[in-house]
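J.: Quick one: structure below, then a few questions.
The values are calculated or read from the model by the stated rules, or taken from the named source; none is laboratory data. Fair warning: this is a prediction, and the values are worked out from it, not measured in the lab. So basically every Cβ, Gly included, is an ideal-geometry build from the backbone, and we count neighbours across all protein chains shown.
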Amino acid sequence: MNLTDCYQFLGISTKANLEEIKAAYRRLALKYHPDRNPNNSKAHDLFINLNNAYNKILNSNPESLSISSQEQEEEILKWNYYQDLQKLLQEGRIVRAIALVEALAHRLPKDLEVRQWQAITYQEWGKILINSGQIDKGKIYLQKALKTDPHNLSLLATIRNELAKINR
């Protein structure tokens with residue numbers, strides 16, 4: 001995929017500024033995210049292509065995007081970590097996923113996307129613990145997920161459903 005294709009994939013002009021690029025990325029990331037499209041290999045492939053296109057645009061010319069080299073490195077690091085996180089979650093290596101996402105959250109404490117990933121990872125671990133009979137421990141991780149990303153209504157609804165199952 002050449003650079004022009006990357007901009008087209010994101011549905012933006014080649015003259016888009018950093019905020020427009022990020023907004024387009026977030027919109028498409030929500031649409032194609034594997035968590036929103038389970039068992040959909042086409043959406044998964046599109047999500048991978050989206051990350052590649054986004055990273056290619058960020059790498060293309062950081063000066064024209066008004067992004068410092070440190071910010072650029074952090075964005076690339078973040079998305080590389082995200083891909084690693086997705087792989088760990090798919091493989092069921094949740095404890096390792098928690099370690100990875102907590103390290104990233106420590107490095108980028110104000111990044112809302114990282115906090116969302118952290119909350120989703122805690123939620124997944126909570127569900128696994130509950131399903132294995134460790135209900136109290138599972139509840140702790142579900143509550144931790146809510147504290148990590150308290151404004152995520154989708155997460156809140158999912159966790160309420162999990163807690164309701166426990167109480168039945």
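J.: Just to be sure I understand, how many residues within region 71-113 are polar (S, T, N, Q) and over 19 Å from I57 (Cα atoms)?
T.: Within region 71-113, residues that are polar (S, T, N, Q) and over 19 Å from I57 (Cα atoms) number 2.
J.: What tally of residues in region 138-157 results from selecting those that are surrounded by 12 or more Cβ atoms within 10 Å (Cβ to Cβ), assigned to a helix (DSSP H, G or I) and modelled with pLDDT under 85?
T.: 2
J.: Right, here's the next one. Right, A29: touching a residue at least 40 places away in the same chain (Cβ under 8 Å), in a helix (DSSP H, G or I) and of a type in the set (G, A, S) or not?
T.: When the stated conditions are applied, A29 does not pass them.
Residues checked against (1) within 14 Å of the chain's Cα centre (by Cα); (2) farther than 19 Å from L89 by Cβ; (3) loosely packed, with under 13 Cβ neighbours inside 10 Å; (4) not small (G, A, S):
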residue: L3; (1), (2), (3), (4): no, yes, no, yes
residue: Q8; (1), (2), (3), (4): no, yes, no, yes
residue: K15; (1), (2), (3), (4): no, yes, yes, yes
residue: A23; (1), (2), (3), (4): no, yes, no, no
residue: Y32; (1), (2), (3), (4): yes, no, no, yes
residue: A43; (1), (2), (3), (4): no, no, no, no
residue: F47; (1), (2), (3), (4): yes, no, no, yes
residue: L50; (1), (2), (3), (4): yes, no, no, yes
residue: K56; (1), (2), (3), (4): no, yes, no, yes
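J.: Could you say which residue among L58, L77 is without any contact (Cβ under 8 Å) to a residue 60 or more places away in the chain, touching an Asp or Glu at 6+ places or on another chain (Cβ under 7 Å) and over 24 Å from Y141 (Cβ atoms)?
T.: The conditions single out L58.
J.: Further question on the same structure: Specify which of the listed residues (L85, L112, L77, L89) is at pLDDT below 85, under 23 Å from N37 (Cα atoms) and either buried (at least 19 other Cβ atoms within 10 Å of the Cβ) or not aromatic (F, W, Y) (or both).
T.: Answer to the selection: L112.
J.: If you don't mind, another one. Return only the number of the condition from (1) buried (at least 17 other Cβ atoms within 10 Å of the Cβ); (2) under 17 Å from the mean Cα position of the chain (by Cα) that H106 does not satisfy.
T.: Condition (1) is where H106 drops out.
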